[in-house]
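Heads up, the thing below is written out as C-alpha cells.
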C-alpha cells in the first residue's frame, strides 16, 4: 500500500470532535477503523506532484531540489491535483466558477456502484457528471467532473477569509461506504500571506517527495553528508 493511499484514506475519513468549517479543521482527526476500509480513494502518483510544481511555475532547479529527480517534463502541468477536496479562489470578486476533474479508485474486492449527492448553501451550486459510477472490481478506476458556481453578492463576507462551502458525497449502492469531500470557496491571500503559503507548500512537498522515494524503482539515492538533510518544521 503506497504512502499516498494511506494519506488519502486518512483525509477522506475524519472526525473533528466539534463543529467547524473545512478551513478550521483541515484534515481533522483520523478515524483508523474507517481508514482501513474506505471503499474509494483519490489516488496520486509521484508525477502528479511534479505536474503541480510545473503549473505553479517552480523552476527546474527548485523541482529537482524537492523531488531529487531530473528525468521529467512539464508537458502535463496542471493545478488540479487528484485530491479529495475542491477549492475555488475569489480574487477581488464575489463570484467565481470552476470545473474539477477527478479519478476514484475502488479498494473493495467486488464490483461496486456509487451515486453522487451534493449539499451546498444557496450561494453555491454544484453539479456532478456522471452522477453514478460503476467499478468492475478492486483497483478499478472511474472518472468524474464537478462544476461549481459561487455567488456571494449580497452576503457581505469579504471580511472573512472563508467564502462558503458545501460537500460532495459518493454513496455505495446497497453498500456501507460513503466518501465525503469538502468544496470550499475562499478569498485570495495578500502578498505576505502568499509568501507564507509558498514556504509551507515547499516544506510539505519535500516531505511528500521523501515519502514517495521507495516507489522510484531502482533509482539509487546519492549519500548525503551529515547535517545536509532538511529538518521538519517545528510544531
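The values are calculated or read from the model by the stated rules, or taken from the named source; none is laboratory data. Keep in mind it's a predicted model, so treat the numbers as computed, not measured. Here Cβ is always computed from backbone atoms with ideal geometry, including for glycine, and neighbour counts include all displayed protein chains.
Residue count for segment 82-121 under the criterion of being at pLDDT 95 or above and out of contact with any strand residue (DSSP E or B) (no Cβ under 9 Å at 6 or more places or on another chain): the result is 0. Scanning segment 26-48 for residues that are surrounded by fewer than 15 Cβ atoms within 10 Å (Cβ to Cβ), modelled with pLDDT of 85 or more and in a helix (DSSP H, G or I) yields one hit, 47. Give the residues of segment 79-120 that are outside any strand (DSSP E or B) and surrounded by 13 or more Cβ atoms within 10 Å (Cβ to Cβ), sorted by residue number. Listed by number, the residues that qualify are 80, 81, 82, 83, 84, 85, 93, 94, 107, 108, 120. Say whether the condition of being over 15 Å from the mean Cα position of the chain (by Cα) and without any contact (Cβ under 8 Å) to a residue 24 or more places away in the chain is met by at least one residue in segment 80-87. Looking through segment 80-87, none of the residues is over 15 Å from the mean Cα position of the chain (by Cα) and without any contact (Cβ under 8 Å) to a residue 24 or more places away in the chain.
Hey, does segment 136-146 have a residue that's closer than 29 Å to residue 92 by Cβ and assigned to a strand (DSSP E or B)? Walk me through it before giving the result.
Of all residues in segment 136-146, those closer than 29 Å to residue 92 by Cβ come to 145-146.
Cutting the leftovers down to assigned to a strand (DSSP E or B) gives us 145-146.
Yes, the conditions are met somewhere in segment 136-146.
Residues in segment 49-76 that are surrounded by fewer than 17 Cβ atoms within 10 Å (Cβ to Cβ) and within 16 Å of the chain's Cα centre (by Cα): 55, 56.
Residues in segment 147-175 that are assigned to a strand (DSSP E or B) and in contact with a helix residue (DSSP H, G or I) (Cβ under 8 Å, 6 or more places away or on another chain) were compared, and the one that is surrounded by the most Cβ atoms within 10 Å (Cβ to Cβ) is 165.
Would you point out which residue out of 67, 73, 78 is at pLDDT below 90, farther than 21 Å from residue 166 by Cβ and touching a helix residue (DSSP H, G or I) at 6+ places or on another chain (Cβ under 7 Å)?
Numbers: 73 fails: touching a helix residue (DSSP H, G or I) at 6+ places or on another chain (Cβ under 7 Å); 78 fails: at pLDDT below 90.
From the options 67, 73, 78, the qualifying one is 67.
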